[in-house]
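Right, one structure below, let's go through it.
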Amino acid sequence: MHNGVIARTIVLDRLVRNFLETYPGAVVVNIACGLDTRCYRMSGYAHWYNLDLTETIAVREKLLPEHGDISQIAMSAMEDWGGQIEESNVPALVVIEGLTMYLSEAEVKRMFDLIRERFREAVVFVETMNPVVAKHFKERSIEGSHAKFTWGVKDGKRLARLLPGFRDIEEHSLAEGMAEFVPVYKALGKLPFVRNISNKIIVLKKDAIL
């Protein structure tokens, strides 16, 4: 889990930075933010919204109080949080990491329904787990919270088929991030089995309806 968190941070930082360089002035919504600090490492956004459950945001506000172009939203990802977003008609990026594997398929669909309804156009970077791993793998680091893996999807094409209005753009195995600090993954990451079994960051896009 430790190495996986580092790997996904490396991959997502690169993707978010590239997006903001291409679309300066974008709005970013970081769903299930926890104590994530990516908003401090990035620049070029108009407004960054960190969204998580009420009890998590309460802890975050004590440790990381925000103001200005960074805001906190204390809501579930399945609640109608769109009304808390002030900006409209600007590029939108939604980041979802470390969440979908704990949800049901219906909850994943609900979350993407909210994104589709709120933004005319949006790009989503979403972390997913292989369904075989979600079904059979147990992670000791989450046992204390009684959390468990419940859902997974094989690839972006299968995910997009579940989500009306979204299309699959690309996907990145977390093996790409692992290769940055565990050199053997430069070779292992090229193996289809390793890339498929690793968690992925899937890039989806919701296009404007003319």
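Quick notes
- Projecting the Cα atoms of Ala106, Tyr23, Gly34 onto the charge dipole of the chain (Cβ charges, centred on the Cα centre) puts Ala106 farthest toward the positive pole.
- Solvent-accessible area per residue, Å², over segment 11-139 with all protein chains present [probe radius 1.4 Å]: 46
- Each Lys or Arg adds one and each Asp or Glu takes one away; over the other residues whose Cβ falls under 14 Å from the Cβ of His172, this sums to -3.
- Using θ = phi - 60° in the Karplus curve 6.51 cos²θ - 1.76 cosθ + 1.60, the 3J(HN,Hα) couplings for segment 128-133 round to 10, 10, 4, x, 5, 5 Hz; x is entered for Gly and Pro.
- Packing, taken as the mean count of other beta carbons within 10 Å per residue, orders the peptides 115-123, 199-207 from highest to lowest as 199-207, 115-123.
- Listed by chain and number, the lysines placed with their C-alpha closer than 23 angstrom to that of Lys190 are Lys154, Lys157, Lys200; residues fewer than eight positions away on the same chain are left out.
- Annotation: Cα Rg of segment 54-210 relative to the compact-globule expectation 2.2 N^0.38 Å equals 1.14.
- Think of each Lys and Arg Cβ as +1 and each Asp and Glu Cβ as -1; about the Cα centre, that makes the dipole of the chain roughly 880 debye.
- Surface composition of segment 1-123: carbon plus sulfur atoms hold 51% of the accessible area, using a 1.4 angstrom probe and ignoring ligands, DNA and RNA.
- Aspartates and glutamates with Cα under 14 Å of Lys109, excluding same-chain neighbours fewer than 8 positions away: Glu79, Asp80, Glu117
- Global size of segment 46-89 as Cα Rg and Dmax, reported in angstrom: 10.6, 32
- Taking only the C-alpha atoms of segment 1-118, the Rg (one decimal) and the largest Cα-Cα distance, Dmax (whole number), read 13.8, 38 Å.
The values are calculated or read from the model by the stated rules, or taken from the named source; none is laboratory data. Remember, it's a predicted structure, so these values are computed and weren't measured experimentally. Glycine also receives a Cβ, built like all others from the backbone with ideal geometry; neighbour counts cover every protein chain displayed. Heads up: the accessible areas ignore ligands, DNA and RNA and are worked out on the full protein's heavy atoms, side chains in. Shrake-Rupley method; radii C 1.70, N 1.55, O 1.52, S 1.80 Å.
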